[in-house]
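First the structure, in the form of structure tokens, and then the observations on it.
The values are calculated or read from the model by the stated rules, or taken from the named source; none is laboratory data. As the structure is a prediction and not an experimental result, all values here were calculated from the model. Note that each Cβ is placed from the backbone with ideal geometry, even for glycine, and that neighbours are counted across all protein chains shown.
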Amino acid sequence: MLNKHAIWFPGQGSQRVGMGKALSARHAVVKATLEEANEALGMRLDSLMYEGPLTELTRTENAQPAILALGMAMYRLYSREWGYLPAMAAGHSLGEITALTCAGAITYPDALRLVRCRGELMQGAAAAGLGAMAAVNGPSPDHVAKVCLEISAGCADGSHIVVVSNINSERQTVISGHQEAVHEASERLSVHGATVIPLQVSAPFHSPLMASAAERFAEVLSRVSFGKLDFPVVSSLTGLPYGNTAEIAVMLSRGLTDPVNWPAVLAFQMSIGIATAVELGPGNVLKRLARSDGLRVFAVDDKEDEAYLIAASQQSDAYSIELMNRCLAIATCLRNRNWNAVEYEQGVVVPYRSLQRLVERLRETGEPVAETHVRQAVAMLNSVFRTKGTPAEEREQRLASLQVEFGLNGLPGVSTADRPYSGSLL
């Protein structure tokens, strides 16, 4: 079982004909989730995903719900059947809505209709032929931003704008804006050694030119009821976790005009000690982006990675010595409110030393850590909680943190650790 890890959801552009077809044939939960999407949208989305045509699937109003639906289907497989629990989630652009949906902030039917509307608004901007986008490989994002600023600043009436729209990595940036401005920026960057690839879109996504679409999307978002997050979701605009549901509508509407900063997401993830991620969605674009960041990433849409995740979910290595040591550490740092020496000896010292001896034995013999061992660790912790007089709220928070850190759906013998995410990772 994977220990502390993140889940990632890709954005538009990851769609392809055949997406989800093989996975749906192997897993009933995937098939059922995609059928829910058919019902919510009043169309055979799954048939479009499986058979195409590509021109129709690529239309923004179809691609976005298709990517979200497969992300949700994979998340249900990952959580319900494989038993995984993420320490945090993040999504690239559209993928952020998928992440929020899987975390419980948006109902699945609402999310499908929401991204279809988002796609229609974006497709409308594309039909108007407002601008263009291009991927820039090579120079740093700061250098690309400087070139864009120089070009845009030369036009006082705002009719020649180009901006950084996506920072995908330190060597891959996407620019967006008016067609002529994007072309000029592309030529300047190419002269200085950049590889520039025009993208097959006719709208300047993630740029100020999408302001009118963002305003209309904000109106749609104002009618959505957002629920509490079951686990942290990190914004792809700020690289910081959502603090509360009141932020969701504002951030999602800003997502049409503001740049995606994926390296900021990865930097935050690394700062809290998470070096592993699972990509849920079509393809493995986010896994490929992370190759130079020292992160270990598994993509469910990769057969080898899928097989590994299934095998790992069936192993007991989540029940590790590290988990048992963490229980010992928690017991040590708890404030004591009980000065009865006899009770303290029996409720704290005896179970603590017994667990210490067990850990030492397991290390010496190499014996696998089993559920019974973890039950003893949790029993020790509960004994220390009771004896030291730890408040119930602190007890539940510590157990929930332990559960998240080691990627467990639950701790053996514990029924009170499944509390919703409270809004703070730290």
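Restricting attention to segment 265-292, which residues are of a type in the set (Gly, Ala, Ser) and in contact with an Asp or Glu (Cβ under 6 Å, 6 or more places away or on another chain)?
Gly283
Tell me yes or no: at least one residue of segment 310-324 is within 21 Å of the chain's Cα centre (by Cα), within 28 Å of Gln15 (Cα to Cα), surrounded by 20 or more Cβ atoms within 10 Å (Cβ to Cβ) and not aliphatic (A, V, I, L, M).
no
Of all residues in segment 93-118, count the ones that are assigned to a loop (DSSP other than H, G, I, E, B), at negative phi and more than 10 Å from the chain's Cα centre (by Cα).
The qualifying residues number 3.
With Phe268, Phe217, Phe226 as the choices, which residue is modelled with pLDDT of 95 or more, among the hydrophobic types (A, V, I, L, M, F, W, C) and not in a helix (DSSP H, G or I)?
Sole residue among the options that is modelled with pLDDT of 95 or more, among the hydrophobic types (A, V, I, L, M, F, W, C) and not in a helix (DSSP H, G or I): Phe226.
Considering Glu150, Glu219, Glu180, Glu187, which residue is farther than 26 Å from Val285 by Cα and either crowded, with 20+ Cβ neighbours inside 10 Å or assigned by TED's automatic domain parsing to the domain that holds Gly239 (or both)?
Glu219
If I ask for residues that are within 33 Å of the chain's Cα centre (by Cα), part of a helix (DSSP H, G or I) and modelled with pLDDT of 85 or more, which ones from segment 333-371 would you list?
Selection gives Cys333 alone.
Just checking, does segment 289-301 include any residue being of a type in the set (Asp, Glu) and not assigned by TED's automatic domain parsing to the domain that holds Leu23?
no
Can you pull out every residue in segment 277-304 that is of a type in the set (D, E, K, R) and more than 20 Å from Ala69 (Cα to Cα)?
Result: Arg288, Arg291, Asp293, Arg296, Glu304.
Just checking, how many residues over segment 119-144 are in a loop (DSSP other than H, G, I, E, B) and either among the aliphatic types (A, V, I, L, M) or surrounded by fewer than 18 Cβ atoms within 10 Å (Cβ to Cβ) (or both)?
5
With respect to Pro198, determine if the residue is in contact with a His (Cβ under 9 Å, 6 or more places away or on another chain), of a type outside the set (Phe, Trp, Tyr) and at pLDDT 90 or above.
Yes: the conditions hold for Pro198.
Name, by its number, the condition in (1) buried (at least 24 other Cβ atoms within 10 Å of the Cβ); (2) more than 18 Å from Arg254 (Cβ to Cβ); (3) of a type outside the set (Asp, Glu); (4) in contact with an Asp or Glu (Cβ under 8 Å, 6 or more places away or on another chain) that does not hold for Ala90.
(2)
Restricting attention to segment 280-292, does a residue exist that is closer than 23 Å to Arg113 by Cα, part of a helix (DSSP H, G or I) and of a type outside the set (A, V, I, L, M)?
No, every residue in segment 280-292 fails to be closer than 23 Å to Arg113 by Cα, part of a helix (DSSP H, G or I) and of a type outside the set (A, V, I, L, M).
Confirm whether Met210 is part of a helix (DSSP H, G or I), farther than 21 Å from Val115 by Cβ and not β-branched (Val, Ile, Thr).
No; evaluated as a whole, the condition is false for this residue.
Mind checking which residues of segment 40-75 are touching a residue at least 12 places away in the same chain (Cβ under 8 Å), of a type in the set (D, E, K, R) and in a helix (DSSP H, G or I)?
Listed by number, the residues that qualify are Asp46, Glu51, Glu61.
Given the criterion of a type outside the set (Ser, Thr, Tyr) and touching a Gly at 6+ places or on another chain (Cβ under 9 Å), identify the matching residue among Val359, Val350, Val384, Val342.
Working: Val359 fails: touching a Gly at 6+ places or on another chain (Cβ under 9 Å); Val350 fails: touching a Gly at 6+ places or on another chain (Cβ under 9 Å); Val342 fails: touching a Gly at 6+ places or on another chain (Cβ under 9 Å).
None of the other options fit; the residue is Val384.
Give the residue that is modelled with the highest pLDDT, with candidates limited to residues of segment 237-265 that are small (Gly, Ala, Ser) and in contact with a Gly (Cβ under 6 Å, 6 or more places away or on another chain).
Ala264
Given the criterion in a loop (DSSP other than H, G, I, E, B), of a type outside the set (S, T, N, Q), loosely packed, with under 15 Cβ neighbours inside 10 Å and touching a residue at least 60 places away in the same chain (Cβ under 8 Å), identify the matching residue among Gly243, Gly193.
Gly243
Taking Ser47 as meeting all but one of (1) closer than 30 Å to Thr276 by Cα; (2) hydroxyl-bearing (Ser, Thr, Tyr); (3) at pLDDT 95 or above, write down the number of the exception.
(1)
Of everything in segment 157-175, what is closer than 14 Å to Val265 by Cβ and not in a loop (DSSP other than H, G, I, E, B)? Give them in sequence order.
Passing the criteria: Asn166, Ile167, Asn168, Ser169.
Would you pick out the residues in segment 1-26 that are buried (at least 20 other Cβ atoms within 10 Å of the Cβ) and assigned to a loop (DSSP other than H, G, I, E, B)?
Within segment 1-26, Met1, Leu2, His5, Pro10, Gly11, Gln12, Ser14, Gln15, Met19, Gly20 meet the criteria.
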